[in-house]
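No lab work stands behind these numbers, since they all come straight from the coordinates. Just so it is clear, the structure is predicted and the values come from calculations on it, not from any experiment. For neighbour counting, all protein chains shown are included, and Cβ atoms are generated from backbone atoms with ideal geometry for every residue, glycine included.
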Amino acid sequence: MPKIIQLSPHIANLIAAGEVVERPASVVKELLENAVDAGASKVTVEIRNGGMTFLRVTDNGCGMSAEDAKTAFLRHATSKLRTADDLAAISTMGFRGEALAAIASVSRIDLLTKTAGAITGVSLALEAGNVTDESDAGCPDGTTIIIRDLFYNTPARMKFMKSDSVEGGKVAAAVQMQALAHPEVAFTFIRDGKPTLQTPGDGNLKSAVYCVYGRESARFAEVSSRWEGYSLKGFVSRPTDSRPSRSLQTFFVNNRPVKSKLLVSALEEAYRNQIMVGKFPACVLHLTLPANAVDVNVHPAKTEVKFLSEKNAFDCVHYGVLGALNSTPDRPDVKLKPPVPVIREEPKPRLAPRQEPAREIPKKKDDYFRTMTTEEFKTFSAVLAEAPKPDPEAARRTLSCVNSERPAPQSVRNIPLYPVPEVPPVPKIPVPAPPIPEPEPVQQELTMPKEIPWRMVGELYRSYILVEQGDNAFLIDKHAAHERILFERLRANPRDIVSQDLLIPATVRLRPDAAAMLLSKTSLLDELGFGIEEFGENTILVRRAPMDIGEGEIPDALMEMADDLLSGRTADTETLRDELLHTMACKAAIKAGWKNDDRELLAVVKEVMSREELKYCPHGRPICITLSKKTLEKQFKRT
Ligand code: ADP
Ligand code: MG
């Protein structure tokens with residue numbers, strides 16, 4: 001065994017730097033935490049070349065005395081901890097006393113600092129952790145620290161740096177993170193001479209979120225809840241505004257930015273069945289809990305935390321977000337294109353151009369409806385004579401195909417889905433006639449208690465139901481809405497699935513993996529109303545199927561269910577059941593293009609209008625959008 005020696009402070013610092021100072025962004029993070037801990041209300045960060053050659057942080061915090069300023073660069077030098085007990089309840093951002101020592105060991109530093117009480121400040125220069133110059137300096141209260149030539153003495157680390165623009169981007173993200181963590185502090189970020197972020201520091205999280213996430217955040221739902229002594233505050237995106245990645249999910253625990261799988265899953269759980277597969281919510285969430293209920297000393301960069309009660313942390317986030325989403329109306333406004341100015345053109349001749357006008361017709365420029373000339377009429381008649389004759393049979397075939405090829409499922413075909421109020425019988429007026437009461441206004445509208453009455457206007461494109469209510473009109477996607485309603489109902493009561501034996505059992509041939517998967521889950525499928533058996537050759541025999549699923553839909557439904565089962569997205573049984581119920585609801589719901597009678601449509605509308613929480617189909621598409629009177633008035637230039 002070689003002889004053991006104690007590492008020199010310089011080497012120890014370099015090792016610590018390896019953990020804490022990974023890149024310019026991690027330097028910025030540490031320096032900003034120090035500024036916040038120093039009680040600053042204004043902080044400016046400036047970088048050049050992605051922070052590799054120049055990086056400055058100026059704050060108006062408490063500053064340091066000349067002596068403290070020198071001590072600050074020693075390893076394990078901190079003003080934030082005194083005893084081991086302090087470690088159990090940390091209220092500052094820093095506490096390890098390593099950052100300045102580590103940063104100093106791999107860069108050249110200029111420090112300028114002054115405490116409020118002092119007459120002059122102090123200026124220090126350091127190189128690779130050693131003080132090379134010290135002098136009094138006239139400067140404002142607070143601290144400015146400039147880091148130059150990061151990693152100049154550790155070429156190995158330098159090699160891992162990406163381009164200036166990538167490193168600069170990471171610095172920007174670190175500043176944004178602190179800005180969101182501390183809305184009470186005004187942050188300014190200057191990148192290569194250009195200010196790129198400025199937060200007001202008004203203590204209002206919403207303004208900080210707006211500065212960082214931009215206009216998109218105006219639609220975020222506000223979260224504010226308490227749970228078992230934990231509090232949750234912040235903003236979350238609405239399900240329809242979800243994003244392709246998790247990059248805009250920001251969590252803070254006691255103002256400290258953290259990465260936590262637990263919190264991510266608590267958040268996403270709240271969006272379950274409301275968001276499209278592969279889409280993710282955005283959030284800025286502050287979880288605040290007693291300092292002793294969380295351990296922040298798990299990782300050198302302090303980005304990981306350990307909760308005393310994972311369940312409380314999870315529930316606080318999950319229920320807080322769920323509550324916020326449920327109480328945020330989300331029936332987005334119809335986006336109308338700006339009106340295009342109408343350009344009137346000379347109407348183009350539709351028929352063969354005339355050689356000679358047979359008779360002069362007084363031509364009015366905009367007269368689209370003028371009578372045909374004799375010549376035009378002749379050409380037109382000739383064209384007509386040659387055109388294939390209309391086939392009344394074909395027309396009937398096309399129509400009947402649209403109307404009845406895909407019969408509506410049992411649930412909406414004859415029986416209304418939900419009880420539709422019966423029109424009360426007209427009372428017979430007895431003789432002699434009593435004084436005629438004031439006639440009740442004809443109630444075409446269904447009135448919900450204390451709600452603005454609404455009226456179903458009709459249907460567009462056999463897909464969207466138009467409903468008017470006060471100064472708003474709503475367009476309801478009938479398939480998405482019905483799908484959601486069925487899904488909720490099946491989920492609340494799986495026994496509602498009415499299964500029936502098929503007159504002639506159906507055979508469905510599937511991919512080998514799909515067939516095998518379904519056959520391994522026969523009891524689950526049985527619960528969902530499908531009675532299936534093996535039939536050999538990757539074929540399954542379906543003896544029983546849910547009544548709401550048309551026979552023609554059975555193969556598709558089984559195929560999709562097999563895919564749900566195979567996708568591996570569905571780890572726990574509850575999620576799995578949900579996925580299968582999505583498929584069932586989708587198959588059983590009325591479809592766009594189907595002809596539905598008013599009672600069927602009304603049944604759907606009634607649910608949508610009375611249940612604000614019905615906002616998205618189980619795949620995350622909106623089911624209802626708003627077309628306000630105001631929007632229309634604007635478009636028609638009435639306002
Ligand atoms: P820690 O933040 O974990 O205490 P640091 O190495 O980051 O360790 O800082 C060491 C000490 O230097 C801090 O405890 C604090 O007293 C002092 N310090 C660092 N930056 C500032 C600042 N911007 N203003 C005032 N004091 C500072
Ligand atoms: Mg620190």
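Given R0 = 25 Å, the distance between the Cβ atoms of Ala156 and Asp68 translates into a calculated FRET efficiency of 0.15.
Taking a ≥ b ≥ c as the square roots of the Cα gyration tensor eigenvalues, segment 9-198 comes out rounded, since a/c falls below 1.5. Residues of segment 238-280 with backbone nitrogen within less than 15 Å of a virtual label 7 Å along the Cα-to-Cβ line of Thr575, please, listed as ranges. Zone members listed by number: 261-280.
Remark: Met158, Met584 ranked as Met158, Met584, counting other beta-carbon atoms within 10 Å and listing the fewest first. Using 0.36 nm per residue and subtracting the Cα-Cα separation, the extra length available between Arg243 and His10 on full extension is 79.3 nm. Spin-label model, Lys630 to Asp598: label points 7 Å out along the Cα-to-beta-carbon direction sit 3.2 nm apart. Placing a pseudo-label 7 Å from each Cα along the Cα-to-Cβ vector at Ala125 and Ala492 gives an inter-label distance of 7.6 nm. Spin-label model, Arg638 to His299: label points 7 Å out along the Cα-to-beta-carbon direction sit 5.6 nm apart. On full extension, the segment bounded by Asn326 and Thr132 gains 63.8 nm, given 0.36 nm per residue less the C-alpha separation.
Near Phe535, once Lys and Arg are set to +1 and Asp and Glu to -1 for all other residues with Cβ below 14 Å from its Cβ, the sum equals -1. Legend: ranking of residues Lys114, Lys80 from fewest to most surrounding C-beta atoms inside 10 Å; resulting order Lys80, Lys114. Residues of segment 319-333 with an amide N closer than 17 Å to a point placed 7 Å from the Cα of Glu613 along the Cα-to-Cβ direction: 319-331. As a proxy for reagent exposure, Ser523, Ser224, Ser247, Ser26 were ordered by neighbouring Cβ count within 10 angstrom, fewest first; the result is Ser523, Ser247, Ser224, Ser26. Taking 0.36 nm per residue of separation and subtracting the current Cα-Cα distance, fully stretching the chain between Leu460 and Asn292 would add 54.6 nm.
With Cα atoms as the point set, segment 111-203 shows a radius of gyration and Dmax of 16.5, 44 Å. A Förster radius of 51 Å combined with the Cβ-Cβ distance from Ser163 to Arg219 puts the calculated FRET efficiency at roughly 0.90. A Förster radius of 45 Å combined with the Cβ-Cβ distance from Asp86 to Asp192 puts the calculated FRET efficiency at roughly 0.65. Where the convex hull is taken over the Cα atoms of segment 220-326, what is its projected area averaged over directions, in nm²? Result: 6.2 nm².
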